[in-house]
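J.: Below is one structure. I have some questions about it.
Only the coordinates and a few stated rules stand behind these numbers; no lab work does. Just so you know, these numbers come straight off a predicted model, no measurement behind them. Because the Cβ atoms are built from the backbone with ideal geometry, glycine has one as well, and the counts that use them run over all protein chains shown.
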Amino acid sequence: MLFDRSSLRELSVAALIAVASTCSTAPLAEPLKPATAKNDASLRAELVFWESVRDTQNADELRAYLGAYPNGRFSALARLRIKALLGPSGEGTEAIAAAQAPASASGATGAKEGATTATKATTAADRLQAGDSFRDCELCPEMVVLPPGSFEMGSDLNRPEEKPSHRVSIPGAFAIGTHEITVAQWDACLKEGGCRHSPEPGSDGRLPMANVSWNDAQDYLKWLREKTARDYRLPSEAEWEYAARAGSRSNYWWGNEKGAGRANCSDCGSPFGGREASPAGSFAANAFGLHDMHGNVWEWTEDCWNPSYRGAPADGKAWLRGDCLSRVLRGGSWALDHEYMRSSRRSRYDRDVRYYVNGFRVVRPVEAPAATASGDPAFESAVMKAANTVFSNTPKSASGAQAFIVDPLIDGLSGAESAATRRMESVIVEVARRNHPAFAVEEFTPSNASTARFAVVGTFTGVNKQRETSGTREAFRVCLVLLDLKAGKVAANAKEFAQPSGVDITPTKFFQDNPVWIADPPTQAYIRTCQTTKPGDPIDPVYLQQIKAAALINEALDAYEKGQYERSRNLFASASRTAGGDQLRTYIGLYLSSWKTGAKEQTVDAIAKIVDFGLNSSRLAIKFPFQPGSAALQTGSKDAAPHELWLAQIARESTRRGICLEIIGHTDVIGPKALNQRLAARRAEYIKQRLDGLAPDLARRTIAAGKGADENLVGSRTGDARDELDRRIEFAVFQCSAAR
């Protein structure tokens, strides 16, 4: 029995309502009304969200659903599930109510005695922006939201444990305490039974809570999480240094010298130096609004101790390998001199040992804010800003304008060109002409690739709320890099985010017609060059080796999209004989242009090359034309070679090699997760059966699996040419015995 997507949605909702109705006589789910074109997308989004959490045993996930859909179809059921998970005591009902209440308009008392701030109490509905300060409860620490960003962590000029200096990127916004946890805040935990260790009798409530072990800090964090239903934790070492530097590269946020009265250390010239801790906020805040990142008390981080940064994460996450009985401390203290409070200085202590100058501050994640439009469309504004950054940060020549070429920009996951990447190229050229006369654009041709000083490369990638390339894409990441081809180094780079509104990610004709996806080395080298390098880094040699061939391939692509198929085939053939031309785009171009010109023999030869290329890389994905919601293939298309040719070649080559294949089905994200996984598995099983019929020996050496939408490359939720690659079938080579 086959279902279209609307049938699947209605079946899923009906089943959920039936289950919900057994729990209570009250209506737990709103009856499903016929969807209109206007509300269909929001209905699907809510259903997908509910499908992902309906069987959870984690009350926080159900609260997340209520935060997004406080009056949703399953809100009553969600509340009942939370109540059941939390037990008869009803613990946590305050947090549930907070998840549905509007934000309070009243301010909260600040950390300094007698002062009030613009700090607000948060609810699940709040969308926190970089620079916002807030408290999650009256006795909770004041927090401030820091933006995502990159910085140089460590120092090659100082102690061995600070080396090597390395680039770290903080991918998403997060909130950090504006002060170290104070005695008063610790007391609140102590009184409610969450903390066991008592501060020294008579301690000033404004002082940082000290003489706490790493394990003690975990007790406080557990209490705070339970009180707020927020994921509080210690900062990673990278987050701590990013916060302490606040954009600076110097020893301290204010400069390289300790200064006088800047912080509380033994030789910092403050009234407290060398004698005692100072009340939170006694010294000026850094550019992020954080107090006492230098001096006062050492601050625990989440990381295990390692004697250097070799092998350290570069994504801002805690390093949880190494000596995990010891944890990292940062920031120095009032009892030590200024050398210990440098931004890059590291220390350690046993995690279960208390010491009189050790304290901590806390962090928690925040939902990534929605990108906002400004003046021009947000997409173009982001591209303009990135382009201005790379041209402004590149050294200028005194001898006149320097030539640059634009190597066509691509999607950062699929490697495809689209209407959006073509628009980006036009914006970049216009920015250079208008604002940067020291640079002159030239066409991307083989001859210009040999003589131009600079090349622009860039990627355009869909990301979710957390700025990650998974789940529902709600923004785009714009990455631009200017390469100094003569010096063989990266000259400048820039990264911006853009809102998705009005952005057309429809692939260009060549990439729409392309039925294959393989992570081939030249495309991956292009993406790495854009996304993982910093100024001064050498250009990836794989990218440099193929740049002339890439220019020739660009001419062939242009001819194909103009309908000049014979010329296109000749140019692709020429590229195949050029150094660096042995790449996927070349053989896809030969396949497409040969089919368009009726050259069947050359079409079959090109398919053989592509299949060989994919199996050599152990991963080949093909966009088979399945009927919507079905495992049956469409037939009769004249725009591409019949799928039988592809299946026959895969069967023939796999048999010849004696390899084993996992055939993996994928779907787009539209529809319930369980049904998408089932559909993906059915499609994979269908393709397996077709291969088994063509080569019976493969039946012993192939398996079928479905991953649904778990590995979307596009994630646009559009169900059309834009996310066709999400509905691919993948052939993954794996090790097995030939006699299975």
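J.: Which order, highest average first, do 583-595, 211-223 follow once you tally other Cβ atoms within 10 Å for each residue and take the mean per peptide? Mind showing how you got there, number by number?
T.: Details: 583-595: 25.5, 211-223: 20.0.
Those peptides, ordered most packed to least, come out 583-595, 211-223.
J.: For the range 379-426, max minus min Cα coordinate along each principal axis, in Å, sorted largest first?
T.: For the range 379-426, the Cα extents along the three principal axes come out at 39, 21, 17 Å.
J.: To continue, here is another question. Between Thr655 and Ser450, what FRET efficiency follows from the Cβ-Cβ distance if R0 is 41 Å, with the result rounded to 0.05?
T.: 0.40
J.: Distance in nm between label sites at Ser399 and Val429, each 7 Å beyond Cα in the beta-carbon direction?
T.: 2.6
J.: Modelling each spin label as a point 7 Å along the Cα-to-Cβ direction, I'd like the Glu443/Arg567 distance in nm, to one decimal.
T.: Those two pseudo-labels are separated by 1.0 nm.
J.: Given 20 °C and 1.002 mPa s, compute D for the range 259-360 with the Stokes-Einstein relation, Rh being the Kirkwood radius over Cα pairs; round to the nearest whole µm²/s.
T.: Here the translational diffusion coefficient equals 150 µm²/s.
J.: With 21 Å as the limit, write out which pairs from Lys495/Lys707; Lys562/Lys609; Lys609/Lys707; Lys509/Lys562 have Cα-Cα distances beyond it, or answer none.
T.: Lys495/Lys707; Lys562/Lys609; Lys609/Lys707
J.: Oh, and also: Can you tally the net charge around Gln649? Count Lys and Arg as +1, Asp and Glu as -1, for every other residue whose Cβ sits under 15 Å from the Cβ of Gln649.
T.: Numbers: positive: Lys600, Lys609, Arg652, Arg656, Arg657, Arg690; negative: Glu601, Asp605, Asp612, Glu644, Glu653.
The answer is +1.
J.: At what distance in angstrom do the alpha carbon centres of the range 274-314 and the range 660-724 lie from each other?
T.: Using only Cα atoms to place each centre, the spacing works out to 49 Å.
J.: Right, next: For Asp337, put the label point 7 Å out on the Cα→Cβ axis and report which residues of the range 240-280 keep their amide N under 11 Å from it.
T.: 266-268
J.: Here's another thing I want to ask about it. Can you classify the range 569-667 as rounded, prolate or oblate using the Cα gyration tensor, where a ≥ b ≥ c are the square roots of its eigenvalues, rounded means a/c under 1.5, and otherwise it's prolate if a/b beats b/c and oblate if not? Please list the in-between numbers first.
T.: Values: a/c = 1.95, a/b = 1.26, b/c = 1.55.
Since a/c reaches 1.5 but b/c is at least a/b, the shape of the range 569-667 is classed as oblate.
J.: Compute the label zone of Ala721 within the range 656-691: residues whose backbone N is under 20 Å from the point 7 Å along Cα-to-Cβ.
T.: Taking a point 7 Å out along Cα→Cβ of Ala721, the residues of the range 656-691 whose backbone N falls under 20 Å are 668-669.
J.: Okay, next question. Quick one: grab the alpha carbon gyration tensor of the range 128-365, order the square roots of its eigenvalues as a ≥ b ≥ c, and give me rounded if a/c is under 1.5, else prolate or oblate depending on whether a/b is larger than b/c.
T.: rounded
J.: So, counting K/R as plus one and D/E as minus one, what does the shell of residues with Cβ under 13 Å around Glu239 add up to?
T.: With Lys, Arg at +1 and Asp, Glu at -1, the net is 0.
J.: Taking 30 Å as R0, compute the FRET efficiency from the Cβ-Cβ separation of Glu662 and Ala608 and round it to 0.05.
T.: That pair, Glu662 with Ala608, gives E of 0.85.
J.: While we're here: State the extension gain, in nm to one decimal, for the chain segment bounded by Ser617 and Arg422, taking 0.36 nm per residue of separation less the distance between their alpha-carbons.
T.: Fully extending the segment from Ser617 to Arg422 adds 67.3 nm.
J.: Let me ask you something else. Classify the range 603-720 from the C-alpha gyration tensor, please: rounded if a/c falls under 1.5, else prolate or oblate depending on whether a/b exceeds b/c.
T.: Prolate is the answer for the range 603-720, as a/c is 1.5 or above and a/b outweighs b/c.
J.: Scale the Cα Rg of the range 397-451 by the rule-of-thumb value 2.2 N^0.38 Å and send over the ratio, two decimals.
T.: Normalised Rg, Cα atoms only: 1.27.
J.: In a shell of Cβ-Cβ distance under 14 Å around Ser397, excluding Ser397 itself, what net charge do Lys and Arg (+1) and Asp and Glu (-1) give?
T.: +2
J.: At a Förster distance of 35 Å, what's the computed FRET efficiency of Ser198 paired with Ser308, Cβ-Cβ distance as r, to 0.05?
T.: The pair Ser198/Ser308 has a calculated efficiency of 0.40.
J.: Hey, what did the range 371-545 get for relative contact order, percent, Cα under 8 Å, at least 6 apart?
T.: With pairs under 8 Å counted, the relative contact order is 26 percent.
J.: Report the gain in length on full extension from Asp692 to Tyr355: 0.36 nm times residue separation, minus Cα-Cα distance, nm rounded to one decimal.
T.: Extra length from Asp692 to Tyr355 when fully extended: 114.5 nm.
J.: I want to verify the translational diffusion coefficient of the range 371-545 in µm²/s; compute it with Stokes-Einstein, Rh as the Kirkwood radius over Cα pairs, at 37 °C and 0.692 mPa s. Kindly include the intermediate steps, with their values, before the conclusion.
T.: Numbers: Rh = 16.4 Å.
For the chosen part, D equals 200 µm²/s.
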